[in-house]
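These notes concern the structure reproduced below.
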Amino acid sequence: GPRWPCMQGAVVLSPWNPRLWLTVLLGIVLQPFVFLYVNRPRLFWGYLPVTLVVAGIDWYFELALTLAFSLICPLHAVLIARRYDVSTPRRWFNRASVAVGLYLAVMLAILGARTFLYEPYQVPSASMHPTLVEGNLFVAQKWGFAHRSLFGFTLPGSDRLDAARLQRGKVYVFYPPDHDMLYVKRLIALPGDVIALTPDGVVINGERLPRELLSDTDGVRIYREQLGGQSYRVQQLDSAAQQPIQTFRVPEGHYFFLGDNRDNSNDSRYWGSVAAERVVGEMIWLASKPDAAAPAP
C-alpha cells in the first residue's frame, strides 16, 4: 500500500474518503451541509444562500421547490465523493457530526428568531378587508410583546408586555379570549377607554374618529379612518343589518380590537377585550401576493 510520510512527533493521519451511503443520507436530510462532509466548503457557502432564498420563495408563492435540493445536493455530493482524492488533508468540518451540529445550530437560530424576534403569517379571512386580503403574507415583530410559546409550551416571561408598543390604529397578532387560534386585527382602544360603535363610525372617550368616504360601489362603502396618527381604510356593507349603538369600557390590562371589514369581522365586539399577555406581535411588513383578489364583500 501507499507509504504516508510523517515528521517526528507529528500525528499520522490515515487516508480518508467520504462514505457514499453517509453522503447520500446527509445530502437528503441536511442538503447544503453535506458539502462540508465531502470537503467542499465553497459549495456549502454557494448552496446555503440559494436554499434559503428558495425557501422564502416557497413560503411566498406556496410552492415546494425546496424539495428539489433533497435530490440535487446528494447527487452532487456523491459525484464528489466518488472522485475524492484521498491525499487531500481532512479538515475539522469533514465529519458527519460537525455537519449535523452546524445544521442544528442554524435551525435553532432560525427557530429562536421566529420565537422572539420576527415571524411570518398568512391572512386567513376577509375580516381585515380592504387592508388585508385572504392569502396576504405579512411579518410580525414579536420582540417586546408578551405571549411566546415553543412547541405548545409557554416560555418564561410570556406574561410581560412593553405597553408602549401597543398603539391605537396599528395592526397586531394575538390570541382572543378562550381561543387558541391567532387573529390579526386593528387596535382601537386601550385600557380604561370607553368605546362606542355607532352607524356613523367609532367614538372613543366621547370623540368620533375622523373618516371620509372614498368610494361607494357595488354595495361596498370604503372610508378613510384616522386614529392615533394612523390613517387606514375600512369598509362597510350596504347589505348589512343596522346594528344598535354598542358601548364598551376596556378593562385595565386589556385591549379592544376591530377588523377593518366592520360588517364582517369576528372581533372584540363579540368575544371582548384581549388581555395584554395574549398579544403576540405587531405587523411591520406586508407582502401582497400577485394573485391576491381585490377587496370584496
With a bin width of 5 angstrom, please list the P(r) values of the range 173-264 as percents of all Cα-Cα pairs, from the 0 bin to the one holding the largest distance.
-> 3, 12, 21, 25, 21, 13, 5, 1, 0
Angle in degrees between helix 69-82 and the longest Cα principal axis of the chain, rounded to the nearest 10 | 10
Over the range 153-297, what is the mean sequence separation of C-alpha contacts under 8 Å (at least six apart), divided by residue count, expressed as relative contact order in percent?
-> 28
Note the per residue figure in Å³ for the convex hull of the C-alpha positions in the range 12-74.
-> 71
If each part is reduced to its alpha-carbon centroid, the range 244-259 and the range 69-88 end up apart, in Å, by 62
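Note down the magnitude of the dipole of the chain about its Cα centre, charges +1 on Lys and Arg C-beta and -1 on Asp and Glu C-beta and zero elsewhere, to the nearest 20 debye. Walk me through the numbers on the way to the answer.
Values: 28 positive and 24 negative charges, 377 e Å.
For this selection, approximately 1800 debye.
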Test item: Cα-centred dipole of the range 156-199, Lys/Arg +1 and Asp/Glu -1 on Cβ, debye = 280
Hey, could you pull the Cα Rg and Dmax for the range 65-113, both in Å?
-> 14.0, 41
Mean residue ellipticity (222 nm) of the chain, computed from DSSP H runs ≥ 4 via -39,500 (n - 2.57), nearest 500 | -8000 deg cm²/dmol
Take the alpha carbon atoms of the range 215-292, find their radius of gyration, then divide it by 2.2 N^0.38 Å using N residues; give the quotient.
-> 1.31
Could the peptides 256-263, 279-286 be put in order, highest first, of the mean number of other beta-carbon atoms found within 10 Å of their residues?
-> 256-263, 279-286
Averaged over every viewing direction, what's the projected area of the C-alpha convex hull for the range 57-188? Give it in nm², one decimal, please.
-> 12.0
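As a test of reading the structure, rank ARG82, ARG269 by solvent-accessible area (1.4 Å probe, protein chains only), most first.
Sorted descending by solvent-accessible area, the residues read ARG82, ARG269.
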Work out the charge dipole of the chain with +1 on the Cβ of Lys and Arg and -1 on the Cβ of Asp and Glu about the Cα centre, then indicate which of GLY219, VAL171, TYR118 is farthest towards its positive end.
-> TYR118
Just report the Cα centroid separation between the range 93-107 and the range 117-149, whole Å.
-> 32
Using alpha carbon centroids, what distance separates the range 165-216 and the range 39-65, in Å?
-> 40
Length gained if LEU75 through TRP271 is fully extended, taking 0.36 nm per residue and subtracting the Cα-Cα distance, is 65.1 nm
How big is the range 150-223 by Rg and Dmax over its Cα atoms, in Å?
-> 16.8, 50
Bin by bin, in steps of 5 Å, what percent of the Cα pairs in the chain do you find, going until the bin that has the longest distance?
-> 1, 5, 9, 12, 12, 11, 9, 7, 7, 6, 5, 5, 4, 3, 2, 1, 1, 1, 0
Taking the range 227-270 on its own, what percent of its Cα-Cα pair distances exceed 12 Å?
-> 71
Using the alpha-carbon atoms, what tilt in degrees (0 to 90, nearest 10) does helix 20-29 show relative to the longest principal axis of the chain?
-> 10
To the nearest 10 degrees, how steeply does helix 96-116 sit against the main Cα axis of the chain, on a 0 to 90 scale?
-> 10
How big is D, in µm² s⁻¹, for the range 118-276 by Stokes-Einstein at 25 °C and 0.890 mPa s if Rh is the Kirkwood radius over C-alpha pairs?
-> 149
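The values are calculated or read from the model by the stated rules, or taken from the named source; none is laboratory data. All values derive from a computational prediction rather than experimental measurement. Cβ: placed from backbone, ideal geometry, glycine included. Neighbour counts: every protein chain shown. We work out accessible area using only protein heavy atoms, side chains counted, and drop any ligands, DNA or RNA first. Shrake-Rupley method; radii C 1.70, N 1.55, O 1.52, S 1.80 Å.
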